[in-house]
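Student: Let me begin by handing over the structure; questions about it come next.
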Amino acid sequence: MWLSLQKQAEIRNQWLKQRLDTVLPEIMRRDNLSMWIVSAREYNEDPVLMTMLPEPAMGARRRTILVFAFDNDGNFQKLSLGRYGYPGYYDQEWDPAKESQSDALQRVVKELNPESIGINTSALSGFADGLSHCEYDGMMGALGSYTRRVRSAERVAVGWLERRSPAELTVYPKLVDMGHTLIKELFSRDVIQPGITTTDEAVWWLRERMLAMGVKAWFQPTVEIQYPGSNLAPAPGMDKQAARTLILPGDLLHVDVGFNALGLTTDQQQHAYVLKPGETEAPAGLRIALEQGNRLQEIVMEQMQIGRTGNEVLRAVREQAFTEWIQPSVYSHPLGTHGHAAGPTIGLWDNQQNVGGLGDYPLYDDTCYSIELNIQYALPEWDHQYVRIALEEDAVLTKGKVSLLSGRQTEFHLI
């Protein structure tokens, strides 16, 4: 285990305090929101709420209500209207012996008298739509005449989740580097024995290895094979049962793997080539294909500019790629607290034209992304059969420029 659970909790709590005092007030001011109410019951937690509870909290207790607001003097208030409270993070504003939770919420709202009240309802993002039906009814009843000041807090919820603090960005490269090391271990003779090892065995090795590392897989990894006659590895979401699973010499391997640690997520895809007897490197055609994949990564990062929407970036990337005779497919996404995280969508594998909703959300500074894409290339060594080079590397947009958090694959892993 790379860090003890206690040390991880200490780090995450330090980050939470910093983010509550710096990131959240800025995001609320950016959206001109006076008050934000986050409310959820035990075992039906709002996804935003779970990022606001200090360790070792693992969920809401009975009903947890957090209120964030600017008072009449412009001071930022962080209040808890829960039975148990979170001393040091939130000021406790409810005494169950004196009033009901609903009365406490009503009192706090009247005292602060906000011009606008944000709640987590959203057609745009599931991350900002965590307020359940009955929680909504109860909140509206408590707010009374203030309900006319209520609006969606979707831009604040998404902004809170996507914005990374300087402390988080200092550690994030280490996590990404751990992911690269994991892939390097996988694509070795210590794990893969051609003619013996199957892709399913490789996948479960990854799961076991992440468990031993003390990190948590956020999706089931995949390991896939392309080979002469395979007619491309199955596309994402397609039936993979027809594909060969036994790894053999001459195979092009692909891995997709990611984990969560310290409340931050990795998401990476790389390739390996299984050497045939007498070979010392991958075929020249495969190396050219990888170069095209690397070039498409560069185009995506060049076009990711602050203020552009995901759809605008997608269009610019495809136009540039086609001028360079690259067959692009781009499906990059935000990365952070979650894997497919809050923020702008830059293409989908099954939609390369215009993604409604989050495709129209703009890019902001100090946000992280998974640069996920693929190219297709007619491989001379395989009788001009198309191969797919699918790459995914983690990057940060900060100070107006996108850069990789910890490098990328530019040469094949060789087995």
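Every number here is computed from the coordinates shown, using simple stated rules; none is lab data. Bear in mind the structure is a predicted one, so any value in this text is a computation, not a measurement. With ideal geometry, Cβ positions are generated from the backbone for all residues, glycine too; neighbour counts draw on all protein chains shown.
Student: With a 10 Å Cβ neighbour count serving as the proxy for reagent exposure, in which order, fewest first, do Ser370, Ser406 appear?
Tutor: Working: Ser370 25, Ser406 18.
So the ranking, lowest neighbour count to highest, is Ser406, Ser370.
Student: Could I ask something else about it? Summing +1 for each Lys or Arg and -1 for each Asp or Glu, what net charge is found among the other residues whose Cβ lies under 15 Å from the Cβ of Trp94?
Tutor: +2
Student: Give the longest segment of the chain that steers clear of trypsin sites (Lys or Arg not before Pro) in DSSP loops with at most 16 neighbouring Cβ atoms within 10 Å, not counting the sites themselves. Write out the running numbers ahead of the final one.
Tutor: Numbers: sites that count: Arg61, Arg62, Arg83, Lys98, Arg189, Lys240, Arg244, Lys399.
Longest site-free region, per DSSP loop and neighbour criteria: 245-398.
Student: A follow-up question, please. Percent relative contact order of the chain, based on C-alpha pairs within less than 8 angstrom and at least six residues apart? It would help to have the intermediate numbers written out before the result.
Tutor: Details: 808 pairs, mean separation 56.2, N = 415.
Across the chain, relative contact order equals 14 percent.
Student: A further question on this structure: Which of Gly343, Gly258, Gly195 moves the most in a Gaussian network model of the chain with Cα springs under 10 Å?
Tutor: Highest fluctuation among the options: Gly195.
Student: Can you give the FRET efficiency to the nearest 0.05 for Asn13 and Arg189, using r as the Cβ-Cβ distance and R₀ = 35 Å?
Tutor: About 0.25, to the nearest 0.05.
Student: In addition: Calculate the spin-label point distance for Ser102 paired with Gln305, positioning each point 7 Å from the Cα along the beta-carbon direction, and give it in nanometres.
Tutor: Going by the 7 Å Cα→Cβ label model, 5.3 nm.
Student: What spacing in nm lies between the two simple spin-label points modelled at Thr245 and Thr323, each 7 Å away from Cα in the Cβ direction?
Tutor: The answer from the label model is 4.6 nm.
Student: Among the listed pairs Lys17/Lys401; Lys184/Lys276; Lys98/Lys216; Lys17/Lys184; Lys7/Lys78; Lys7/Lys110, give every one whose C-alpha distance is greater than 31 Å. List each step's numbers first, then the result.
Tutor: Values: Lys17/Lys401 27 Å; Lys184/Lys276 19 Å; Lys98/Lys216 42 Å; Lys17/Lys184 36 Å; Lys7/Lys78 25 Å; Lys7/Lys110 40 Å.
Long pairs (Cα-Cα over 31 Å): Lys98/Lys216; Lys17/Lys184; Lys7/Lys110.
Student: Starting with the fewest neighbours, write out Phe322, Phe76 ranked by other beta-carbon atoms found within 10 Å of each beta-carbon.
Tutor: Listed from fewest to most nearby Cβ atoms, that is Phe322, Phe76.
Student: A further question on this structure: Which whole-number percent gives the relative contact order of segment 85-140, counting Cα pairs below 8 Å spaced six or more residues apart?
Tutor: For segment 85-140, the relative contact order is 20 percent.
Student: Are there any GluC sites (Glu not before Pro) in segment 9-102 that are in a DSSP loop and have at most 14 other Cβ atoms within 10 Å? List them by number. Could you put the intermediate results ahead of the total?
Tutor: Details: sites: Glu10, Glu26, Glu42, Glu45, Glu93, Glu99; in loops: Glu42, Glu45, Glu93, Glu99.
The qualifying sites are Glu42, Glu99.
Student: On to the next question. Which whole-number percent is the relative contact order of segment 5-161 (Cα, under 8 Å, 6+ apart)?
Tutor: Contact order relative to length: 24 percent.
Student: Please rank Ser188, Ser34, Ser4, fewest neighbouring Cβ atoms within 10 Å first, as an exposure proxy.
Tutor: Going from sparsest to densest Cβ surroundings: Ser4, Ser188, Ser34.
Student: Which FRET efficiency value, to the nearest 0.05, do you get for His384 and Trp204 by plugging their Cβ-Cβ distance into 1/(1 + (r/R0)^6) with R0 = 41 Å?
Tutor: 0.70
Student: Counting other Cβ atoms within 10 Å of each Cβ, which GluC sites (Glu not before Pro) in segment 246-327 have at most 13 and sit in a DSSP loop?
Tutor: Of the GluC sites (Glu not before Pro), the ones in loops of segment 246-327 whose Cβ has at most 13 other Cβ atoms within 10 Å are Glu279, Glu281, Glu324.
Student: ³J(HN,Hα) across segment 387-394 via Karplus (A = 6.51, B = -1.76, C = 1.60, θ = phi - 60°), whole Hz, x for Gly/Pro?
Tutor: 10, 10, 9, 10, 10, 8, 9, 9
Student: Separate question: Could you give the distance between the Cα centres of segment 107-157 and segment 1-63, to the whole Å?
Tutor: Segment 107-157 and segment 1-63 have Cα centres separated by 18 Å.
Student: As a check on your grasp of the helix formula, calculate [θ] at 222 nm for the chain: sum -39500 (n - 2.57) over DSSP H runs of n ≥ 4, divide by the residue count, round to the nearest 500.
Tutor: When only DSSP H runs of four or more count, the value is -10000 deg cm²/dmol.
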